[in-house]
Every structure is written in structure tokens, then in C-alpha cells.
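Written out below as C-alpha cells is the structure these notes cover.
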Amino acid sequence: LNFFIQDFSKAMSQAGSSQFQEVIRQELEYSMKVELDKILATAHSNEIEHTKKDLEGFKKLFHRFLQEKGPSVDWGKIQRPPEDSIQPYEKIKARGLPDNIASVLNKLVVVKLNGGLGTSMGCKGPKSLIGVRNENTFLDLTVQQIEHLNKSYNTDVPLVLMNSFNTDDDTKKILQKYSHSRVKIYTFNQSRYPRINKETLLPIAKDVSYSGENTECWYPPGHGDIYASFYNSGLLDNLIAEGKEYIFVSNIDNLGATVDLYILNHLMNPPNGKRCEFVMEVTNKTRADVKGGTLTQYENKLRLVEIAQVPKAHVDEFKSVSKFKIFNTNNLWIALSAIKRLQEKNAIDMEIIVNPKTLDGGLNVIQLETAVGAAIKSFENSLGINVPRSRFLPVKTTSDLLLVMSNLYSLNAGSLTMSEKREFPTVPLVKLGSSFTKVQDYLRRFESIPDMLELDHLTVSGDVTFGKNVSLKGTVIIIANHGDRIDIPAGALLENKIVSGNLRILDH
């Protein structure tokens, strides 16, 4: 009887606690609705429509956030993907190209994710406007690539930029310079969602404005927002009406993400006659990529699992290069008709990423985001393609920038390719210290970019400058201790060297 009483009271308290949680959830949703209505009431008549759409989208995300607790995957259900669900790129390339590749290209739209600012590299404004090679910005290189395609094949592949409210104005000003290029350029904006106070779970914004003091109150909710924003903008329907069938989506800072004709042909002319609605390009992990999301089999579907979704006890296993050998490059090929169908059914399911931030004044907030690749499980007949590392060349830091500016790469029609003079296919590991974080500081410290063709590893720490025509080979480590400065002289050759201490080259 005692056992029965204990079990009964335990069940009652659990029921009570779940009822209690439900009441709290309902109260939070009600309070959120009240606050959002107040914010909407401050909108001008010309802002009401899109603000309403943004806040509705946010409300759905917030509702799901309150329902879900803890990591969103059951680790026991994760399996390796079946052999044929991730195809090697070589196999897809071996099929060759049809004679009518131009008609296939005419069904394609290139979409670049252009919502990010260059703040992590000390720049104001859109990251896509940072100069990366011979004064060319990320955006310049993208336009050159597509223009080259359109001229070579006499096609009409348009470029679509998904901007955020942070990047839209600056990007649109710059777009005027491409008005005579052979690329139609369209833009749409991703949503604008309110940041919420970590303690109260209520928005910190009091009105719709997002300039001046209010810039920190709002955020763009991650690239998973592409489906709803693209659909809401009307552009999706327009492109379908023009006969476009697939989009190729990638981050604008990934300089390896060029249009690949072999993958496009595989999509349009599948060997088994059944078209894929979603293709994710993955590539082999190195030790530098252990945090990248990986493709797994989960409940009989391909599924992208990100590190944030992994229970703490399994994080090391997730990072293992031997168990999870590949990671998502965020180069995605998606059928337009499938986006339309799923968006209309409200059937695109993406895990919520809770991104904590501390604002300048010290306030802790959270922003709810989603990732574009996470939707793979909502599409039919999805496929992973294991592509060469050369298709993943992101520039997130000045260390990455040094690689793409160097003679490791040659530039042709907007595309960077590894120099034939480089004897090994891998890129050197480069770690530049905090004195190089900001682009302007980084540029000031190099009189010219060193010769890096034979470099394996470079670590630079402290107050270091490089003269003209320096050559770096093998493993080079340069450490200026606090208060010291090292000037690498013009014309120096450093091969398998450690330089430390204080080295000033005085002007005579």
C-alpha cells in the first residue's frame, strides 16, 4: 500500500508540475502577445503590413520555444546515413554534361545569404562589401562569377540577395554600380524579430523603430528564415512564373560556393528519374571543423544535427572526426516548387537555436533563430553530396582573409582556384593573434601579402609587422611578447622558424 501511495503522489505531483508549467507557458504567451500588440500599435501605416508578418512569424517561433526543452535530438536514434544518401562528387561529375546545359542553367537562380555585418572583423556595414581580392568585394566576385556564366552559355541566371534590415540600405546603394552587368539582381529582406530579455522572456523593444538606441532591440533570425521571407516577398512566385526550378543557396562569404554544372545536371536529369527536392553539399571534416553540423539518419530521414542540439554527454562523440566524417558547407540546392508547397502547408520544420547575447549595457538577452539546412528533413528525396574542400572557402576572420588574398589562389572570372604551384591540396593552418582581428589593423601590418605557396602552418601573436616580399615555408611561429615588437624585414625567407622576443628594423 505504501508503494501505491508513493507512486500515486509522485504521479500527482508530476501531473501538477506539468499543469503548473502549462499555466506558466500560457501566461508567458499572453504577456508576449500584449507586448507585441503594443509594439505593432507604434507602426506607421506603411510599416504595418510587414511588421505584422514579422511579429506573427516571431510569435510562432516563441510558441515552439516554450514547448521545447533541452537538446532537441534523442542521441539513441542517431544513425549513420545510408550509403546511397550521401553521394561522392566524383560519381556525379563522371556523368558528364548534356549538350543542352544552357537550358538547364536557365532554370537556376543563385541566392546569396547577405544578412551579416562585418563586425567580427572590425568593419561597419555589410560583410559582403569588404575587399577580399584586388579591391574586389565578396559581392563583386559573386556578380563576376554569374556574369561569366551568363556570357559563356548565353543564359539568364539571376542573383538574389537575402538582406537583413542591417545590410539592406548599404547593399542597395552599391547595387547601382552593377546596373550594366549581365546579371539581373533582386533582393528581399529577412524578417526582423525582437530580442527578448533573458529573465522576463519579454521583448526589450518598446516600439517598431530600429535606429539610434533601438538598434540592439532587433535581430535577423538566422538564415532558416529564408523560406518564409522568400515566399512572403512575392519573389518566389515571380521566379516560378518565369520558369525557374531550383535555387542554389550559399553564404556570401564562402568564396568556394560557385555554380557547379555537374550538381545542377544531376538535379535536373536524375539518373533514376526521381528528382531531389533538396541537396546539401557536405565535405570531409578536418580538426578545424569539429563544430560544424553533420548529416545523420534520424527516424528514416536525412537530418542535420548541430552541436547546440547535442546532449552534453555526447558532445565529444559528436566532434569525433572518425565517427562523423563530414559537415555541412551550407551550399544547398532546393526546388522552388517544394518551398512553395511546404510553406503553404506550414510544414517546414527547423529546430530552434537559442542564441544568448549580452548587450553593450550588460543586459542579457536571447534571440531565437533557425538554420536553413535544418529543413532538409521536411523535403522529399533529399541527398547529400560529398564535395571537394575547395567548395568550402569561408572568410570569417582575417586569418581566412590572408589565405584568399595570398598567392595560394588565383582569380579568374570571379572564382578563386588553388594555385597549381601548390604541391598539396590542403590549405595551410593560419592563426593570427588579436592585433590582426580588425581588417584595417591587419592591412596595416602587411606591406604586401607574403608568398605562402609552401606554407603548412603560421601562428602570429603580438605586435608583428611584415615587410614587402616575405616568403613563409613549412611551419612558422612568430611571437612578440607583451611590450615587444617584431618587424619581419622585406625580402625575408622564414622556413620552419620560431621568431620571438624583440626585432625592430630601424629606418636608416
task = Assuming a ≥ b ≥ c are the square roots of the Cα gyration tensor eigenvalues, decide whether the range 75-391 counts as rounded (a/c under 1.5), prolate (otherwise, with a/b larger than b/c) or oblate.
result = oblate
note = If the chain between Ala413 and Thr200 were fully extended at 0.36 nm per residue, the gain over the current Cα-Cα distance would be 71.5 nm
request  = Would you mind computing, in nm to one decimal, how far apart the modelled labels at Tyr153 and Glu83 are, each placed 7 Å from Cα along Cα→Cβ?
outcome  = 3.2 nm
Cross-link reach list, lysines versus Lys173, counting only Cα pairs under 29 Å and skipping chain neighbours closer than eight places = Lys52, Lys53, Lys107, Lys112, Lys124, Lys127, Lys151, Lys184, Lys244, Lys396, Lys438
ask   = With Cβ to Cβ distances under 13 Å as the rule, what net charge do the other residues near Lys53 carry (K, R +1; D, E -1)?
value = -1
Dipole axis of the chain (+1 Lys, Arg; -1 Asp, Glu on Cβ), positive-most option in Leu55, Leu175, Ser320 = Ser320
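Going by average Cβ neighbours within 10 Å, how do the peptides 169-178, 467-476 rank, with the highest at the top? Write out the running numbers ahead of the final one.
Numbers: 169-178: 14.0, 467-476: 18.0.
Answer by packing, highest mean first, reads 467-476, 169-178.
Based on the Cβ-Cβ distance from Asp37 to Lys124, what FRET efficiency comes out when R0 is 35 Å, to the nearest 0.05? Before the final figure, lay out each step's value.
Numbers: r = 34 Å, r/R0 = 0.97.
Given R0 = 35 Å and the Cβ-Cβ separation, E is 0.55.
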query = Which three extents, in whole angstrom, do the alpha-carbon atoms of the range 246-326 cover along their principal axes, largest first?
reply = 43, 33, 20
ask   = Once amide H atoms are placed 1.01 Å from N in the peptide plane, what residues at a sequence separation of 5 or more from Ile385, or on another chain, have their amide H within under 5 Å of its amide H?
value = Gln87, Met280, Glu281, Val282
Relative contact order (percent, whole number), the chain, Cα cutoff 8 Å, 6+ residue spacing = 15 percent
inquiry  = Along each principal axis of its Cα atoms, how long is the range 398-500 end to end? Whole angstroms, biggest number first, please.
reply    = 43, 28, 22
task = Please give the contour-minus-distance gain from Ala347 to Ala308: 0.36 nm per residue of separation, less the Cα-Cα distance, rounded to one decimal in nm.
result = 11.8 nm
ask   = Taking only DSSP H segments of four or more residues, each worth -39500 (n - 2.57), what value at 222 nm results for the chain once the sum is divided by all its residues, to the nearest 500 deg cm²/dmol?
value = -8500 deg cm²/dmol
key: Two-site FRET efficiency, Lys184 against Thr459, from Cβ-Cβ distance with R₀ of 35 Å, rounded to 0.05   = 0.20
ask   = Relative to the present Cα-Cα distance, how much length would full extension add between Glu135 and Asn502 at 0.36 nm per residue of separation?
value = 128.8 nm
remark   = Stokes-Einstein, Kirkwood over Cα pairs, the range 287-418, 37 °C, 0.692 mPa s; D in µm²/s equals 186 µm²/s
task = Based on the mean of other Cβ atoms within 10 Å per residue, sort peptides 372-379, 292-299 so the most packed one is first.
result = 372-379, 292-299
request  = Give a residue-ordered list of calculated ³J(HN,Hα) values for the range 304-320 (Karplus: 6.51 cos²θ - 1.76 cosθ + 1.60, θ = phi - 60°; whole Hz; x for Gly, Pro).
outcome  = 8, 10, 9, 4, 5, 8, 8, x, 3, 5, 10, 4, 5, 5, 4, 6, 4
inquiry  = Quick check for you: with a 1.4 Å probe and neighbouring chains kept, what is the accessible area per residue of the chain, in Å²?
reply    = 49 Å²
inquiry  = Explain nothing, just the number: dipole magnitude of the chain about its Cα centre with +1 on each Lys and Arg Cβ and -1 on each Asp and Glu Cβ, in debye rounded to the nearest 20.
reply    = 600 debye
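The values are calculated or read from the model by the stated rules, or taken from the named source; none is laboratory data. Being a predicted model, the structure only gives us computed values, none of them experimental. Positions of Cβ are generated from backbone atoms using ideal geometry, with glycine treated the same way; all protein chains shown enter the neighbour counts. Quick note on the areas: whole protein, heavy atoms, side chains included, nothing else; ligands and nucleic acids left out. Shrake-Rupley method; radii C 1.70, N 1.55, O 1.52, S 1.80 Å.
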